[in-house]
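Only one structure is covered here, and it is reproduced in the block below.
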Amino acid sequence: MSQRTDNAASSLQQTSASMEEITSTVENTTASSREASSLSQSAAKLAQRTGDTVGQVVTTMGEIQSSSRQIGDIVKVIDSIAFQTNLLALNASVEAARAGENGRGFAVVAGEVRQLATRSAEASRDIRELIEASGEKVEGGTRLVCEAGDAMQQLVDGVNRVATMLGEISHAASEQSDGIGQINVAVSELDRMTQQNAALAEESTTAADQLRGQADRLAAVVASFKLRVEPVSHVGYLQHDRAAATSEEA
């Protein structure tokens, strides 16, 4: 019984040591998962801020594109005015030529107006080409920024999901650590009780050995007592026989 108790105590000690190692591992895992959860939450916040910034850029690019269209419309109006001014100046030059000497001064003014209208038309045409080129670039940039915004939103959603999962893992690991801690306490208590039982079993074994020794000594004493009684009984018979013989002789 003592041997079995010692074996059980040894097994419980090994189990307790293993549980301590498992507890340490789970605690490290819990700490790592908490750190990862904190980092993922920070990354999610950063990604969200970046996504908001990209969204603002998308809005700004849209406003720039809208302004470019408005400028293009204004340039078209200027081009139309320049065309009409050029046409009016041409008509004025024709009328001045018809007026002869009296219309010469007016013809000079009409010519200058026509040149000014021509330069305005050329300038408006250049501006329109620049606006169209800028509009194409702005449109392409807007498209790229929109795609970046969509990708960033997907990243934000993914990071948020990871943060949520890591939070759940951290919570589960914390609960697991608490559970293993309780098991470890129970195993330690069971180990203490088993060691106590082992000590009691050892004491019982020692007491049993002592009792067995005392029983052996008592048996030896009893056996010795029986051996001394039998000779006394034999002597009594001899004395009785001698007395009978003496009586007969008398």
**Asked** Taking interchain pairs and intrachain pairs at least six residues apart, which have beta carbon atoms under 6 angstrom, with the first residue in the stretch 48-68 and farther than 17 Å from Ala151 by Cβ and the second of a type in the set (A, V, I, L, M, F, W, C) and surrounded by 13 or more Cβ atoms within 10 Å (Cβ to Cβ)?
**Response** Ile64/Val138; Gln65/Val138; Ser68/Ile131; Ser68/Val138
**Complete:** Looking across the stretch 161-188 at residues that are within 16 Å of the chain's Cα centre (by Cα) and of a type in the set (A, V, I, L, M), the single one that is nearest to Thr29 (Cα to Cα) is Ala173
**Request:** Examine the stretch 87-99 for a residue that is in contact with a Lys or Arg (Cβ under 8 Å, 6 or more places away or on another chain), closer than 17 Å to Ala123 by Cβ, touching a residue at least 40 places away in the same chain (Cβ under 8 Å) and surrounded by 15 or more Cβ atoms within 10 Å (Cβ to Cβ), and state whether such a residue exists.
**Result:** no
**Request:** Determine, yes or no, whether Arg128 is of a type in the set (Lys, Arg) and surrounded by 15 or more Cβ atoms within 10 Å (Cβ to Cβ).
**Result:** yes
**Request:** Give the residue, chosen from Arg34, Arg114, that is closer than 30 Å to Ser177 by Cβ and part of a helix (DSSP H, G or I).
**Result:** Arg34
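Listed here are the residues, each with its yes/no results for (1) in a helix (DSSP H, G or I); (2) at pLDDT 80 or above; (3) touching a helix residue (DSSP H, G or I) at 6+ places or on another chain (Cβ under 7 Å); (4) at positive phi.
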position	(1), (2), (3), (4)
Leu130	yes, yes, no, no
Thr142	yes, no, yes, no
Gly167	yes, no, yes, no
Ser174	yes, no, yes, no
Ser177	yes, no, yes, no
Gly181	yes, no, yes, no
Arg192	yes, no, no, no
Arg212	yes, yes, no, no
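The values are calculated or read from the model by the stated rules, or taken from the named source; none is laboratory data. Model, not experiment: these values are computed from the prediction. Quick reminder, even Gly has a Cβ in these numbers, built from the backbone with ideal geometry, and neighbours come from all protein chains shown.
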